[in-house]
1. Could you please tell me which pairs satisfy a Cβ distance under 9 Å, a separation of 6+ or placement on different chains, a first residue in segment 52-65 that is within 13 Å of P28 (Cα to Cα), and a second residue that is outside any helix (DSSP H, G or I) and not aliphatic (A, V, I, L, M)?
2. Scan segment 140-154 and give yes if some residue there is closer than 23 Å to G55 by Cβ and modelled with pLDDT of 95 or more, otherwise no.
3. All but one of (1) hydrophobic (A, V, I, L, M, F, W, C); (2) under 30 Å from D139 (Cβ atoms); (3) touching a residue at least 12 places away in the same chain (Cβ under 8 Å) hold for A45; state the number of the condition that does not hold.
4. Restricting the search to segment 1-51, which residues are open to solvent by 20 Å² or more (accessible area, probe 1.4 Å) and β-branched (V, I, T)?
5. Please tell me if G79 is in contact with a helix residue (DSSP H, G or I) (Cβ under 6 Å, 6 or more places away or on another chain) and of a type in the set (G, A, S).
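The values are calculated or read from the model by the stated rules, or taken from the named source; none is laboratory data. This is a predicted model, so every value here is computed, not measured. We place every Cβ from the backbone using ideal geometry, glycine too, and count neighbours over all the protein chains shown. Side chains are part of the model used for accessible areas, which takes the heavy atoms of the whole protein and leaves out ligands, DNA and RNA. Shrake-Rupley method; radii C 1.70, N 1.55, O 1.52, S 1.80 Å.
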Amino acid sequence: MKEPAQEWLAQAVRQVEADPDAIHRLFPQAERRGGPGARRALLGALRGHHATIRGLYEAGDSGERLAILTVLHELDAEGTAVGLVEDALRTNDARLVAAALGPYGAAWLDDHSFRQGVLKCVFMSIPLAAVAELDRRFDAELARMLSDYAAELRAAGRPVPGDVLERI
């Protein structure tokens, strides 16, 4: 016999597969009723439903937005949801900023937005190890930006983060 959480999740996934709009009702209660990983499972049932994913993100709280950003690279292979990543980079929630620079953001953000996101990580004390594909996307302009920021920190008598020093 299935546990109540497993049963709820299996039923919820079937509902979303049959009617993608059902996720708007199920997603907010997913973690409470379906347990850890429930949001990921429900989102997996939405592959290809980009407008629904966008609506879910826009209506979601920070935990729901984080769940979406974390699996976006599995849901959208065309880069149509890059606006969600750009939105997350405008927040002051370190979890969302770090998730925005995960695999999806690394794949789809333009160079300018990616660089700004990396600099925001440094401002927010998010370790650069959280940035997906940083070695591949690192360029002379990002090195210059980090170097300029390090000079500002030194001038203010503040320490430069070690992961920034390793890059400049």
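1. Hits for this filter: S62/T91; S62/D93; R65/T91; R65/D93.
2. Looking through segment 140-154, none of the residues is closer than 23 Å to G55 by Cβ and modelled with pLDDT of 95 or more.
3. Every condition holds for A45 apart from (2).
4. Hit for segment 1-51 is V13, nothing else.
5. Numbers: in contact with a helix residue (DSSP H, G or I) (Cβ under 6 Å, 6 or more places away or on another chain): yes; of a type in the set (G, A, S): yes.
Yes, satisfied.
Here's the yes/no breakdown for (1) aliphatic (A, V, I, L, M); (2) crowded, with 17+ Cβ neighbours inside 10 Å:
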{"residue": "R65", "(1), (2)": "no, yes"}
{"residue": "A88", "(1), (2)": "yes, yes"}
{"residue": "V97", "(1), (2)": "yes, yes"}
{"residue": "Y104", "(1), (2)": "no, yes"}
{"residue": "D139", "(1), (2)": "no, no"}
{"residue": "A156", "(1), (2)": "yes, no"}
{"residue": "D163", "(1), (2)": "no, yes"}
{"residue": "R167", "(1), (2)": "no, yes"}
